[in-house]
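Here the structure is laid out as C-alpha cells; the discussion comes afterwards.
Any read-out appearing in this document is the output of simple, stated calculations on the displayed coordinates, not a laboratory observation. Just so it is clear, the structure is predicted and the values come from calculations on it, not from any experiment. Because the Cβ atoms are built from the backbone with ideal geometry, glycine has one as well, and the counts that use them run over all protein chains shown.
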C-alpha cells in the first residue's frame, strides 16, 4: 500500500477492528453488484470510496429523469446513458483506482453462474423477485455470501444470506420461490428517496464488513426499516431444512 493509499483509506485504517489488514483484504476483494439504481447507487459509491479492488456492475437499464430523485450515482447530464456506465463514471470520479467491470445485461441464470463464481461478495440491489431468486440460487450454488436489500414506499429490509454457515438461511428460506408475493414497483407505488439510500448504505456496510473480515454480519437476521417513524426492527430467521434451494445443503 503506497503513501497515497494510506492517506486515502486512513480513516478506515485507524479503526482498530479494520486496520491495514482489513483494508488490504478490501483492496484485494471483488464485489458483484446486481442493479445500479436506487439501492445500487449508494452501494457502488461506497464500495468505490472504500477501495474495493474490483466491482462488477450488472444492469440492463439506462438513466431516466424519474430516476434522479433517488438514484444518486446518476446525474441530469447522463440521462440516456447506460446505468452501469453512469455509475462507473461516478465511482471513478471518487476513486480512480477501483476497477469497474460493467455488464449492460439482465442478470439471468447463465450470466450469474459466470459472475457469482468469481466474486467474494454479492450485493443484490435488484427490484424484482425473479432476479432476487436467481441471484440467491447462484450464491447458494457457489457458496458466496449474499447481501440483499429491498425498498418500497417508506419501507425497507435487509439481510445477509450466507449458507457457508450451516445455521444461516438463504433468501428462498424466507421468501419461497413458489409463494404468492405481490410484486410492487416504485413506478407504481412510489418510494421515499432516503429509504433506498438508507438500505443501500447498510448493504455497503455489510459487504465491506464481509470483505474486511470484521464483525458479525446480519446473517440469521432480517432488518426491517420504517421510514415513516425512523425505526428499525430485527427478526431472527433460521434455515428451512425443506428449502427447495439450500435445504439439501443443511446436512452436507
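I'm told residue 245 meets every condition in (1) surrounded by 16 or more Cβ atoms within 10 Å (Cβ to Cβ); (2) in contact with a strand residue (DSSP E or B) (Cβ under 6 Å, 6 or more places away or on another chain); (3) not in a helix (DSSP H, G or I) except one. Can you identify the failing condition by its number?
For residue 245, the exception is condition (2).
Looking at (1) within 22 Å of residue 191 (Cβ to Cβ); (2) touching a residue at least 12 places away in the same chain (Cβ under 8 Å), which is the only condition residue 28 fails?
Of everything listed in (1) within 22 Å of residue 191 (Cβ to Cβ); (2) touching a residue at least 12 places away in the same chain (Cβ under 8 Å), residue 28 misses just condition (1).
Please indicate, with yes or no, whether at least one residue in the range 198-214 is surrounded by fewer than 20 Cβ atoms within 10 Å (Cβ to Cβ) and within 12 Å of the chain's Cα centre (by Cα).
Yes: the range 198-214 contains one or more residues that are surrounded by fewer than 20 Cβ atoms within 10 Å (Cβ to Cβ) and within 12 Å of the chain's Cα centre (by Cα).
This table checks each residue for (1) touching a strand residue (DSSP E or B) at 6+ places or on another chain (Cβ under 7 Å); (2) outside any loop (DSSP other than H, G, I, E, B); (3) closer than 18 Å to residue 36 by Cα.
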{"residue": "197", "(1), (2), (3)": "no, yes, yes"}
{"residue": "208", "(1), (2), (3)": "no, yes, yes"}
{"residue": "214", "(1), (2), (3)": "no, no, no"}
{"residue": "225", "(1), (2), (3)": "yes, yes, no"}
{"residue": "229", "(1), (2), (3)": "no, no, no"}
{"residue": "234", "(1), (2), (3)": "yes, yes, no"}
{"residue": "241", "(1), (2), (3)": "no, no, no"}
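Is the range 12-21 home to any residue that is crowded, with 23+ Cβ neighbours inside 10 Å and outside any loop (DSSP other than H, G, I, E, B)?
No: zero hits.
Which members of the range 163-173 meet the condition of being within 19 Å of residue 207 (Cβ to Cβ) and either assigned to a strand (DSSP E or B) or in contact (Cβ under 8 Å) with a residue 24 or more places away in the chain (or both)?
Once the filter is applied, which keeps residues that are within 19 Å of residue 207 (Cβ to Cβ) and either assigned to a strand (DSSP E or B) or in contact (Cβ under 8 Å) with a residue 24 or more places away in the chain (or both), the range 163-173 yields 163, 165, 168, 169, 170, 171.
Can you tell me how many residues in the range 22-48 are farther than 13 Å from residue 204 by Cα and in a helix (DSSP H, G or I)?
So the answer is 5.
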